[in-house]
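The values are calculated or read from the model by the stated rules, or taken from the named source; none is laboratory data. Treat the numbers as computed from the prediction; the structure is a model and nothing was measured. With ideal geometry, Cβ positions are generated from the backbone for all residues, glycine too; neighbour counts draw on all protein chains shown.
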Amino acid sequence: MMTRLLFLASTASFWIAVAWLWVGGGSDRPAPALSAAPGHTLAEVAKHNRPEDCWMAIRGQVYDFTTYLPQHPTPPQVILPSCGTDATRAYETKNVGRAHSPYADTLLAKYRLGPLKP
Ligand code: HEM
């Protein structure tokens with residue numbers, strides 16, 4: 001009788017320990033803070049809204065186009081209003097309903113800073 005009780009008690013405490021570990025008990029690592037996630041927020045992008053410091057978010061990625069601006073084949077006023085914004089629509093339509101070429105797409109990688117985070 002005593003042995004059976006002991007067996008039941010130890011089995012129960014074993015499974016309680018397993019369940020505790022399963023739910024993360026005993027882990028003193030805090031959940032990673034959102035701000036530690038890689039990338040930049042749109043609020044951060046918005047601060048870079050000048051010709052001499054021009055970031056844009058396009059399709060979930062953040063870019064620094066400061067050095068590209070003088071190379072864009074239009075007068076600067078076409079592209080400047082997109083600095084500091086989510087420019088996905090502007091990029092995809094050139095603001096005139098026409099997509100950029102596949103060649104333009106290949107230029108993006110060079111200016112990529114990282115993902116746009118919520
Ligand atoms: C986001 C705001 C932007 C706007 C509103 C915009 C608008 C335009 C316009 C109006 C043209 C000329 C008209 C035409 O060729 O159809 C053009 C051409 C071009 N743009 Fe942009 N652009 C933007 C961003 C960019 C970026 C970020 C790049 C590359 C890093 C880029 C690369 C090019 C290239 C290579 C062309 C020559 C035509 C082509 O390859 O599609 N543009 N853009």
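Here are a few things to note about the model shown:
- Region 85-104, subset under 16 Å from residue 74 (Cα atoms) and hydrophobic (A, V, I, L, M, F, W, C), residue surrounded by the fewest Cβ atoms within 10 Å (Cβ to Cβ): 96
Let's see how each residue does on (1) modelled with pLDDT of 95 or more; (2) over 13 Å from the mean Cα position of the chain (by Cα):
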position: 36; (1), (2): no, no
position: 49; (1), (2): yes, yes
position: 63; (1), (2): yes, no
position: 75; (1), (2): yes, yes
position: 105; (1), (2): yes, yes
position: 113; (1), (2): yes, no
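- Residues that are farther than 15 Å from residue 55 by Cα and free of Cβ contacts under 8 Å to residues at least 12 places away in the same chain within region 105-118 comprise 105, 106, listed in sequence order.
- Residues in region 53-77 that are loosely packed, with under 11 Cβ neighbours inside 10 Å and within 9 Å of the ligand (Cβ to nearest atom): 71, 73, 74.
- Of all residues assigned to region 78-92, none qualifies as being within 27 Å of residue 36 (Cβ to Cβ), part of a strand (DSSP E or B), more than 9 Å from the ligand (Cβ to nearest atom) and of a type in the set (Gly, Ala, Ser).
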